[in-house]
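Below is one structure, written out as structure tokens; comments come after it.
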Amino acid sequence: MPWFQGNSMQLAKYSLQLLMRNLSASKTILPVLTLFTKDPCPLCDEAKEILEPYKNRFILQEVDITLLENSAWYERYKFDIPVFHLNGQFLMMHRVDISKLEKQLQKLEQQGAGGWRTPS
């Protein structure tokens, strides 16, 4: 089994739960921005502040890589946090790249997949 398979499935299930909760609450599907973090993480705190103006365009899911169940993420990202995935796909690490985030959010919004659409 690949190193990421078990944790990816767990992360996917959690992401789906967040999406479903968001769907039932607002009837709008938002993309999930996953922040791989630990405590303390000053760069993660800075990243969350930078993301604050965009918080209505995604669901922020934080994954503490120091928890036992996230050990595979710890091995992968222990020297690179903060790391961000958008809808389960790697997006950026170390610092928030607003232009990259904006580009991906706009792409999702235009596709209607994972952003700003009302299900029928």
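Of note:
- Pair His94, Glu109: separation of 7 Å Cα→Cβ label points (nm): 2.8 nm
- Carbon and sulfur %, accessible surface of the stretch 32-113 computed with the full protein complex present, 1.4 Å: 50 percent
- Average accessible area per residue (Å²) across the stretch 32-113 - probe 1.4 Å, nucleic acids and ligands excluded: 57 Å²
- Given their separation in residues at 0.36 nm each and the Cα-Cα distance between them, Glu102 and Glu46 gain 18.4 nm when the chain is fully extended.
- Relative to its Kirkwood radius, the Cα radius of gyration of the stretch 32-113 gives an Rg/Rh of 0.97.
The values are calculated or read from the model by the stated rules, or taken from the named source; none is laboratory data. What you are looking at is a predicted structure, and each value in this text was computed from that prediction instead of being measured. We place every Cβ from the backbone using ideal geometry, glycine too, and count neighbours over all the protein chains shown. Side chains are part of the model used for accessible areas, which takes the heavy atoms of the whole protein and leaves out ligands, DNA and RNA. Shrake-Rupley method; radii C 1.70, N 1.55, O 1.52, S 1.80 Å.
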